[in-house]
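Beneath this line is the structure, given in structure tokens, with notes to follow.
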Amino acid sequence: MFNPLTPFLERRKAIIIDGALATELERRGADLSDALWSARLLIDAPELIRAVHLDYLRAGADVLITASYQASLEGFRRRGLNEAQVRTLFRYSVQLASEAIEQHLIETRASAHDLRPLIAASIGPYGAYLADGSEYRGDYGLGVDALVAWHRPRVSALIETEADLFACETIPCLVEVEALIRLLQECHEMPAWLACSCRDGETLASGELFVEAVKLADACEQIVAIGVNCTAPRHIESLLHIARAATDKPLLCYPNSGERWDAAARCWVEGTGVTDFAEPARQWYAAGARLIGGCCRTTPEDIAVIAQALA
């Protein structure tokens, strides 16, 4: 199986992942108060998704994550779309990233010797479809078979695209890790990374041990990088050390900004998160991470800082 990360790891100190999509779209005026979240814009404002992708490339990102995190067959069916239309939207999420890459290559006058940025097709957790915050708890009450069946339509649609790999991300519990591994093993030649969401420096959002997820992923040939995302920056270094002791595969991290959410006021509390990612990025690299980026509330400016810090 070809590993699309290898050419980058051979030529770069680190691979730079992009930053937040949904919260960046909101920052630019998009209304995402909807169960489909950023996936709704695949229908309503795809040009805005493309623009955000392009700005992350301009900031130095080597990998774009598609707008399919919250996209699901059931979610779009609630909007009256049939399965064929939903599969078209999954493909469109990859096409938008590809169009941004083509524009960036033109802008930078890239040559045939330059590395082409990668597209990671987002496979978000079942909890994202529920839109009730359960992706940060992992308390689905579903078994492996049910989760495999739920994820399969999106995986089967995205594997037909020009995505370079899957980004299985914000995975909060071991049962969902097991389900995704089973699906990946069915895909054979499609590589993926696994990024879990964690509540602290040791445990998954579900309360289970993060190291157990690492061990499961390490045994899966299709998983080519392992790590964490949508986790507070203060926990990342500890989690990387745990992962490094359990796997030789490349490690990745793309934490959120660490800002606190005020549930009563329904807003982020300014000044409660990381404001400069340069030193944290260097610390995460020292702890073993080779793919580094950002998640919720991070911006193209933050990714530019990370790219410069690790240049």
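The values are calculated or read from the model by the stated rules, or taken from the named source; none is laboratory data. It should be emphasised that the depicted structure is a prediction, and the values quoted were computed from it without experimental measurement. Please note: Cβ atoms are built from the backbone with ideal geometry, for glycine as well, and neighbour counts cover all protein chains shown. When the accessible area is computed, the model is the full protein with side chains, heavy atoms only, and any ligands, DNA or RNA have been set aside. Shrake-Rupley method; radii C 1.70, N 1.55, O 1.52, S 1.80 Å.
Tabulated results
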| quantity | calculated |
| --- | --- |
| Test for Gly201: is it of a type outside the set (S, T, N, Q) and in contact (Cβ under 8 Å) with a residue 60 or more places away in the chain | no |
| Residue pairs meeting the criteria (Cβ under 7 Å; at least 6 apart or on separate chains; first under 17 Å from Val63 (Cα atoms), in segment 90-108; second of a type in the set (S, T, N, Q) and open to solvent by 10 Å² or more (accessible area, probe 1.4 Å)) | Val94/Thr161 |
| Test: residue in segment 176-189 that is surrounded by 24 or more Cβ atoms within 10 Å (Cβ to Cβ), among the polar types (S, T, N, Q) and over 20 Å from Arg78 (Cα atoms) | no |
| Criterion: among the basic types (Lys, Arg) and within 18 Å of Cys168 (Cα to Cα) - qualifying residue of Arg260, Arg297, Arg290 | Arg290 |
| Considering residues of segment 156-207 that are among the β-branched types (Val, Ile, Thr) and either part of a helix (DSSP H, G or I) or touching a strand residue (DSSP E or B) at 6+ places or on another chain (Cβ under 7 Å) (or both) only, the residue farthest from Trp284 (Cα to Cα) | Thr161 |
| Search result, residues across segment 262-293 that are among the hydrophobic types (A, V, I, L, M, F, W, C), exposed (fewer than 15 other Cβ atoms within 10 Å of the Cβ), modelled with pLDDT under 95 and outside any loop (DSSP other than H, G, I, E, B) | Cys267, Val269 |
| Considering residues of segment 120-143 that are among the aliphatic types (A, V, I, L, M) and modelled with pLDDT of 85 or more only, the residue surrounded by the most Cβ atoms within 10 Å (Cβ to Cβ) | Ala121 |
| Thr203, sole failed condition from (1) hydroxyl-bearing (Ser, Thr, Tyr); (2) more than 16 Å from the chain's Cα centre (by Cα); (3) at pLDDT below 95 | (3) |
| Those residues of segment 77-86 which are open to solvent by less than 40 Å² (accessible area, probe 1.4 Å) and over 23 Å from Glu169 (Cβ atoms), in sequence order | Leu81 |
| Pairs, first modelled with pLDDT of 95 or more in segment 226-247, second charged (D, E, K, R) and assigned to a helix (DSSP H, G or I), C-beta under 7 Å, six or more apart | Ile226/Asp218; Ala246/Lys215; Ala246/Asp218; Thr247/Asp218 |
| In segment 113-147, the residues that are free of Cβ contacts under 8 Å to residues at least 60 places away in the same chain, small (Gly, Ala, Ser) and on the phi < 0 side of the Ramachandran plot | Ala121, Ser122, Gly124, Gly127, Ser134, Gly143, Ala146 |
| Per-region count, segment 53-69, residues in contact (Cβ under 8 Å) with a residue 60 or more places away in the chain and under 18 Å from the mean Cα position of the chain (by Cα) | 11 |
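Okay, residues lined up against (1) modelled with pLDDT under 90; (2) assigned to a helix (DSSP H, G or I); (3) open to solvent by less than 60 Å² (accessible area, probe 1.4 Å):
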{"residue": "Ser33", "(1), (2), (3)": "yes, no, no"}
{"residue": "Ser38", "(1), (2), (3)": "yes, yes, yes"}
{"residue": "Leu42", "(1), (2), (3)": "yes, yes, yes"}
{"residue": "Arg50", "(1), (2), (3)": "no, yes, no"}
{"residue": "His53", "(1), (2), (3)": "no, yes, yes"}
{"residue": "Gly75", "(1), (2), (3)": "yes, yes, yes"}
{"residue": "Val94", "(1), (2), (3)": "no, yes, yes"}
{"residue": "Ala97", "(1), (2), (3)": "no, yes, yes"}
